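What follows is a short report on a single structure.
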Amino acid sequence: MTLSIGLVVHASRRGVFEEAVEPLSGISLKWVTYGHEQEIRPRVRSLVDGHALDGLLVGAVPYRACRDVLSRNLPVAVTRSSALDLALALSQAQARGWQAVPVSIDTFDHEVVSEVTEAAHLDRTRVTCLPYADDQSVDEICAFHQRSVGEGDGYVITARTAVLRQLRGAVRVLNGSPTPSSIRAELHELVLRVRSERAGAAGFAAGVFCVGRHGRPGDLERSRKDLLHLLRATPELTDAWIENRGRRGVLVLGGRTLFERLSRNWLVVPVLDQAQEALGVRVSAGFGVGPSARSAVVLAERAAVRAESEHRPCGYLMEDSGLVIGPMGPGGEPSEQAGGRAGGQPPAPPRPDQGDRVRALARTVGLSPATLSRLAAIEHDLAGRTVTPSELADAMAITDPSGRRLVRKLHAHGLVTSEGLAQTHRKGRPTGLYRLAIAAALTGSVDGQPVATV
């Protein structure tokens, strides 16, 4: 099935984007070309109103100008200049016979500049950097470069087309905008994300409910049969297939929306509380969503094992994409992850679908739901403590450069806050300290607990 993808590009960059997308197939491109920033918003509005888009590829500047007209359900990828783009610009300066430093750079994050200049063995004290910010004007960026370069033999690397146009003739300037390979990678990732989400939405769903291990085998058998009757009498499960799973479990098969209703949009599982009150047994629930009934059952069984490890009535959701949500407490008592409070107060009112929030935020940031879920779990474990990019890389089981790139991506979307510098070694440069803010983005509250874990 062909996907309809919108591309928002500056007129001077359209050729670069056409080169980037030329090898790709299975997509239909809808172009928005602009010459000045004030043209972006009305043209993007016309695009989204006139076409059923499956995704949108847009730069940081046009995204700032048009994001209020975009549907929250539209998958969006924001192209950003990478370390490779900066390295190529520095190589271009060398090819022209320019001295490597001094150089003034805009749009690239400090971490990217440090990574590239360190690898190129450049004097970092002679490299100035102005990272991208939404409120920067072209005049302010140009003034920064002119102060940094002055009357000397330095040069400028900019990823802003308007800055490039304004500085030409005044100082030596190079274009650091994304190359065709960087654009192609972003577009490829966007297409894969759209197709993955569609496959997940059309997948199968299953629930496995397990009676806690207690008493004699006869007691477990009786409790399981009682649980089976209770589930069959549950209104939300009227259209579900419910069968005796054997041992301690009951299997439920149905559509994803059925389990969303049962769990109040993956927030709580009231039927667990009903089982405790009516049957006097502790029940754990696992939900699975996958491309086939078999995979959904396997995921539900894994989620049930995870729920049982909590040693209290709760539920977990596992999807084949790697997304995990939980623990979801019973409806009759507060749960940390469900927004409840200590002291016997009632739980917070149900919030929008937590799974949808994770997926929507992952789309915006350009990460997989599994990665965002893992980051939420790490934030929960940190309990407010700061973390360095290297420490985050260790926790994510990725390389240090990948950790720095991840921090840059999170910082660009407000999912980490910079908390200063730390000197982790006697020799070497200080490293940045960051505080994760995934939970606030998912729950809408500064002190909310994350509901997405692994």
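Rundown of residues vs (1) under 19 Å from Leu70 (Cα atoms); (2) modelled with pLDDT of 80 or more; (3) in the same structural domain as His188 (by TED's automatic domain parsing), yes/no style:
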position	(1), (2), (3)
Val365	yes, yes, no
Thr371	no, no, no
Ala376	no, yes, no
Glu379	no, yes, no
Val387	no, yes, no
Glu391	no, yes, no
Asp394	no, yes, no
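In region 240-251, the residues that are in the same structural domain as Leu272 (by TED's automatic domain parsing) reach residues that are in a loop (DSSP other than H, G, I, E, B) and basic (Lys, Arg) with C-beta atoms within less than 8 angstrom, at least six apart or across chains, in these pairs: Arg248/Arg213. Only residues that are surrounded by fewer than 20 Cβ atoms within 10 Å (Cβ to Cβ) and out of contact with any helix residue (DSSP H, G or I) (no Cβ under 8 Å at 6 or more places or on another chain) were counted in region 147-163, giving 5.
Conditions (1) in the same structural domain as Asp68 (by TED's automatic domain parsing); (2) closer than 20 Å to Val61 by Cβ; (3) out of contact with any Gly (no Cβ under 8 Å at 6 or more places or on another chain), marked per residue:
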| position | (1), (2), (3) |
| --- | --- |
| Asp109 | no, yes, yes |
| Val113 | no, yes, yes |
| Ala120 | no, no, yes |
| Val127 | no, no, yes |
| Asp134 | no, yes, yes |
| Asp139 | no, yes, yes |
| Cys142 | no, yes, yes |
| Ser148 | no, no, no |
| Ile157 | no, yes, no |
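Residues in region 254-305 that are among the basic types (Lys, Arg) and outside any helix (DSSP H, G or I) were compared, and the one that is farthest from the chain's Cα centre (by Cα) is Arg282.
Filtering region 376-392 to residues that are buried (at least 18 other Cβ atoms within 10 Å of the Cβ) and either in contact with an Asp or Glu (Cβ under 8 Å, 6 or more places away or on another chain) or assigned to a strand (DSSP E or B) (or both) leaves Val387, Pro389. Among the criteria (1) of a type outside the set (Val, Ile, Thr); (2) touching a residue at least 60 places away in the same chain (Cβ under 8 Å); (3) in contact with a strand residue (DSSP E or B) (Cβ under 7 Å, 6 or more places away or on another chain); (4) crowded, with 22+ Cβ neighbours inside 10 Å, the one Trp98 does not fulfil is (4). Restricted to helices (runs of 4 or more DSSP H) entirely inside region 1-90, those with at least 1 residues that are modelled with pLDDT under 90, under 25 Å from the mean Cα position of the chain (by Cα) and more than 23 Å from Arg195 (Cβ to Cβ) are 60-66. Right, Val103: more than 32 Å from the chain's Cα centre (by Cα), more than 29 Å from Thr417 (Cβ to Cβ) and surrounded by 21 or more Cβ atoms within 10 Å (Cβ to Cβ) or not? So Val103 does not fit the description; no. Consider Ser28 carefully, then state whether it is exposed (fewer than 15 other Cβ atoms within 10 Å of the Cβ) and in contact with a Leu (Cβ under 9 Å, 6 or more places away or on another chain). Taking the combined requirement at face value, the residue satisfies it. The set of residues from region 241-264 being more than 21 Å from Arg213 (Cβ to Cβ) and among the hydrophobic types (A, V, I, L, M, F, W, C) comprises Trp241, Ile242, Leu253, Leu258, Phe259, Leu262. Can you pull out the residues in region 171-207 that are part of a loop (DSSP other than H, G, I, E, B) and within 25 Å of Gln38 (Cα to Cα)? Selection gives Gly176, Ser177, Pro178, Thr179. Within region 306-323, not a single residue is touching a Gly at 6+ places or on another chain (Cβ under 7 Å), at pLDDT 85 or above, in a helix (DSSP H, G or I) and surrounded by fewer than 20 Cβ atoms within 10 Å (Cβ to Cβ). If the condition is being surrounded by fewer than 18 Cβ atoms within 10 Å (Cβ to Cβ) and within 15 Å of His121 (Cβ to Cβ), then region 78-92 contributes Ala87, Ser91.
Given the criteria within 12 Å of Leu375 (Cβ to Cβ), modelled with pLDDT under 70 and either touching a strand residue (DSSP E or B) at 6+ places or on another chain (Cβ under 6 Å) or assigned to a helix (DSSP H, G or I) (or both), does Val454 qualify? Yes; evaluated as a whole, the condition is true for this residue. Residue selection: Ala395 satisfies the criterion of being under 23 Å from Gly420 (Cβ atoms), assigned to a helix (DSSP H, G or I) and among the small types (Gly, Ala, Ser).
The values are calculated or read from the model by the stated rules, or taken from the named source; none is laboratory data. Given the structure is predicted, the values throughout are model-derived calculations rather than measurements. Here the Cβ is made from the backbone with ideal geometry for all residues, glycine too, and neighbour counts use every protein chain on show.
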